[in-house]
1. Find all pairs meeting these conditions: Cβ atoms under 6 angstrom apart; at least six residues apart or on different chains; first residue within region 414-432 and farther than 14 Å from Leu395 by Cβ and at pLDDT 95 or above; second residue open to solvent by 20 Å² or more (accessible area, probe 1.4 Å) and of a type in the set (Ser, Thr, Tyr).
2. Any residue at all in region 287-303 that's within 20 Å of the chain's Cα centre (by Cα), within 16 Å of ligand 1 (Cβ to nearest atom) and of a type in the set (A, V, I, L, M)?
3. Of all residues in region 317-347, count the ones that are within 15 Å of ligand 1 (Cβ to nearest atom) and assigned to a helix (DSSP H, G or I).
4. What single numbered condition from (1) more than 12 Å from ligand 1 (Cβ to nearest atom); (2) open to solvent by less than 70 Å² (accessible area, probe 1.4 Å); (3) among the polar types (S, T, N, Q) fails to hold for Asn370?
5. Restricting the search to region 44-89, which residues are assigned to a strand (DSSP E or B), without any contact (Cβ under 8 Å) to a residue 60 or more places away in the chain and under 25 Å from Met1 (Cβ atoms)?
6. Do we have Val97 as under 28 Å from Ser186 (Cβ atoms), touching a helix residue (DSSP H, G or I) at 6+ places or on another chain (Cβ under 9 Å) and outside any helix (DSSP H, G or I) here?
7. Mind listing whichever residues of region 12-43 are hydroxyl-bearing (Ser, Thr, Tyr) and either in a loop (DSSP other than H, G, I, E, B) or touching a Leu at 6+ places or on another chain (Cβ under 7 Å) (or both)?
8. Among (1) within 15 Å of ligand 2 (Cβ to nearest atom); (2) under 30 Å from Glu382 (Cα atoms); (3) touching a strand residue (DSSP E or B) at 6+ places or on another chain (Cβ under 8 Å), where does Ala306 come up short?
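The values are calculated or read from the model by the stated rules, or taken from the named source; none is laboratory data. None of these values were measured; they are calculated from a predicted model. Here Cβ is always computed from backbone atoms with ideal geometry, including for glycine, and neighbour counts include all displayed protein chains. With ligands, DNA and RNA removed, areas are computed over all heavy atoms of the protein, side chains included. Shrake-Rupley method; radii C 1.70, N 1.55, O 1.52, S 1.80 Å.
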Amino acid sequence: MKKLYIETVGCQMNVLDSELVVASLRKRGYELTDSTCDADTILFNTCSVRQHAEDKIYSALGRLKNAKQSDPHKIIGVLGCMAQKDQRLIFQRAPYVDLVVGPGQLHQVPQLIEQIAAGRGPQLEVSLGRADGSRAAIERSHESFDPLRDPSMRPTPYQAYVRIMIGCDKFCTYCIVPSVRGPEQSRPPQEILAESRQLAGEGCKEIILLGQTVNSYRHGQSRLSDLLYQLHDIEGLERIKFVTNYPKDMTDDLLGAVRDLPKCTKYLHVPAQSGSNRMLERMKRGYTVEDYREMMARIRHWLPNAAVTSDFIVGFCGETDKDFELTCELVREQRFKNSFIFKYSERPGTKGAERYPDDVPEPVKKNRNNDLLEIQNAISEEDNQPFLGRDVEVLVEGPSKTGAKQDAADPQVQLTGRTLCDRIVVFEGNRRQIGQVLPITVYDANAHTLFGHVVTQHAGPELFTLGA
Ligand code: 5AD
Ligand code: SF4
């Protein structure tokens, strides 16, 4: 058995890619190890969205220099967005790297590793850049990597990511994704349905549909709403979720589907990025803050109890105190369940880097990040309070962080799961309950977590000893 170490950073798309790469290597006799020391092959699945994520990978590579010197047969590979973005530069910065593979070429990883092992030297496989050919040729060079799923590879057998589209055509000026992940391409509904049926057949309870702009999904006449109706019929599936949404494509047919389909989680992640029209214009987001408000009003109309989350970039080029204040206003007014806040990180090759100087000083970015987070956290905590004393339906995901450290032989353990509106709930339970949908009474709440106990009369007499 050969040993594989893999480290993954970045978005859910990367988590899925790593799962699939691992599955394809396991078929060829690899097993996983959690130490780089005894690994025959070390892979990093990387992210280029912010500089920080890249710096971390280059320093991790730096730490492997000696290991490679003492064991030249160790194969070191860089996969994903940074591989596509930096290409040969990776070999220059870390000459002992053997393998560089972009996100559109992951199906080649096993053969490439074989070639390296056979002594054919370093291997590089990337897709075409956005200006390197016809649209059709560029699309073909970014292949969606969707081999057969291996249930043993998922962190939990009850949940799975399912890719419904790859790439992005929105070209927001700050964002590297359209150039590293290529043109927007939707997978045929039949493939998505077949994969989801297989997952459900293996006991999977929740699928999370993935796309950079998931609600821009379009294959022939099929929209995301149509797909949701079809997926909803799959027996065994209990929940369907989708991320990440693009505000302009949040159409009424989609909101109607989420409202009418009980398996759809009442949760929408729709990044606003900024509350200032001047910034939205510079970001080339394609909407105004008035458009975003109108969209939020429609969401509240169709789905009054849905949880909405957002992303914000603070300190984008030219952002003034006034612009930032407009973002704070939007957050206060819309009361997102949660917001992911990022300091702008200039990405070479984007229109933003080309057009505008990265002129907001780091300490200002940092302060704005903290200030916005404080506003959001206060809202998150307040909006969790009405849950106190209420019963919620929780899909149990597995041991909580605390539970993971508890004795694995003890059936009783602290568990974590999510409500239908994506709120995290932590409670004392039994390992047997993982994968079930349970009623939980909430007794405490902070900004990010609800704490509860199992409603025992629903759980059956054999569970009476639990928790409480
Ligand atoms: N700098 C900072 N944040 C960024 N994001 C995307 N590109 C950048 C960048 N250059 C953020 C956006 C996006 C999230 C995934 O990452 O908010 O929604
Ligand atoms: Fe990047 Fe904008 Fe595409 Fe999202 S929609 S991946 S932020 S370019």
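1. Once the first residue is farther than 14 Å from Leu395 by Cβ and at pLDDT 95 or above and sits in region 414-432, its partners that are open to solvent by 20 Å² or more (accessible area, probe 1.4 Å) and of a type in the set (Ser, Thr, Tyr) give Gln414/Thr402.
2. To start, the set of residues in region 287-303 that are within 20 Å of the chain's Cα centre (by Cα) comprises none.
The answer is no; no qualifying residue exists.
3. Of the residues in that region, 4 qualify.
4. It fails just one condition, (2).
5. Going through region 44-89, the residues assigned to a strand (DSSP E or B) turn out to be 44-46, 75-80.
From what is left, the residues that are without any contact (Cβ under 8 Å) to a residue 60 or more places away in the chain are 44-46, 75-78.
Selection gives Phe44, Asn45, Ile75, Ile76, Gly77, Val78.
6. Values: under 28 Å from Ser186 (Cβ atoms): no; touching a helix residue (DSSP H, G or I) at 6+ places or on another chain (Cβ under 9 Å): yes; outside any helix (DSSP H, G or I): yes.
So Val97 does not fit the description; no.
7. As a first pass, look at region 12-43 and keep what is hydroxyl-bearing (Ser, Thr, Tyr): 18, 24, 30, 33, 35-36, 41.
Within region 12-43, Tyr30, Thr33, Ser35, Thr36, Thr41 meet the criteria.
8. (1)
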